[in-house]
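Undergrad: One structure, pasted below without further comment.
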Amino acid sequence: MARKDDYLERRQHLAKMNDEELYQHFWDLANQLVAPMLEAGKHYTTPSIERSVLLRMGFSSLEAKPIVNGLIERQLLGHGAGNCVYLLAEKTGLSIREAGLALVEGKYWDQVPGLFKKGEENHA
């Protein structure tokens, strides 16, 4: 069975748009498509995802695991492991790697909760 060609009907709302308008319309639709995924990413995470973020920041799996476990113990995983390491580095003047390794060694954990204002998300 042949498929009905309805291309001309379906494109009517686009026919009067110039290239710039089509470009903007495309990105508006793309943003609408991605928005729910971005929103979910802000509210839901897992230890595996957070370890993966740390791996992409240059930490080994042996270094990432204690950082993530420390965040879980302190109920801070929702702030994001990479975000926590980044904000700690900013606060202490250490490099991101030095800040992460300090957490692995058990240092600075008392400062991590203070990186966030009560009821506020802090995203780098």
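Undergrad: Which of the lysines could a cross-linker bridge to Lys4, judged by Cα under 25 Å and excluding same-chain residues fewer than eight apart?
TA: Lys16
Undergrad: Would you mind working out the accessible area per residue for the chain, using a 1.4 Å probe, and quoting it in Å²?
TA: On a per-residue basis, 74 Å².
Undergrad: Here's a follow-up. Summing +1 for each Lys or Arg and -1 for each Asp or Glu, what net charge is found among the other residues whose Cβ lies under 13 Å from the Cβ of Met17?
TA: -2
Undergrad: Most fluctuating residue of Leu62, Leu29, Leu103 in a GNM of the chain with Cα springs under 10 Å: which is it?
TA: Evaluated over the chain, the most mobile residue of the options is Leu29.
Undergrad: Turning to a different aspect of this structure: Taking each full run of DSSP H in the chain as one helix, which ones are at least 15 Å long along their axis (Cα atoms) and have mean Kyte-Doolittle hydropathy of at least -1.0?
TA: Helix filter hits for the chain: 19-43, 61-73, 81-92.
Undergrad: On to the next question. Quick one: longest stretch of the chain between exposed loop trypsin sites (Lys or Arg not before Pro), exposed meaning at most 16 other C-beta atoms within 10 Å and loop per DSSP?
TA: 17-73
Undergrad: Ok, one more. If you compute P(r) over Cα pairs in 5 Å bins from 0, in percent for the structure shown, which of (1) 2, 10, 16, 15, 10, 8, 8, 9, 10, 8, 4, 1; (2) 2, 10, 16, 17, 12, 7, 6, 6, 6, 6, 6, 4, 2, 0; (3) 2, 9, 18, 22, 21, 16, 8, 3, 1, 0 do you land on?
TA: Matching entry in (1) 2, 10, 16, 15, 10, 8, 8, 9, 10, 8, 4, 1; (2) 2, 10, 16, 17, 12, 7, 6, 6, 6, 6, 6, 4, 2, 0; (3) 2, 9, 18, 22, 21, 16, 8, 3, 1, 0: (2).
Undergrad: Counting Lys +1, Arg +1, Asp -1, Glu -1, what net charge surrounds Ile49 among other residues with beta carbon under 13 Å of its beta carbon?
TA: Charge balance in the 13 Å sphere: +2.
Undergrad: Only four residue types carry charge here, +1 at the Cβ of Lys and Arg and -1 at the Cβ of Asp and Glu. Report the dipole size of the chain about the Cα centre in Debye, rounded to the nearest 20.
TA: 300
Undergrad: Could you please state how large a percent of the accessible area of the stretch 1-41 is carbon and sulfur, counting protein chains only and using a 1.4 Å probe?
TA: Here carbon and sulfur together make up 59 percent of the probe-accessible area.
The values are calculated or read from the model by the stated rules, or taken from the named source; none is laboratory data. Since this is a predicted model, take the numbers as computed values, not measurements. Note that we place each Cβ from the backbone using ideal geometry, even for glycine, and neighbour counts take in every protein chain shown. Note: areas computed on protein heavy atoms with side chains; ligands, DNA, RNA excluded. Shrake-Rupley method; radii C 1.70, N 1.55, O 1.52, S 1.80 Å.
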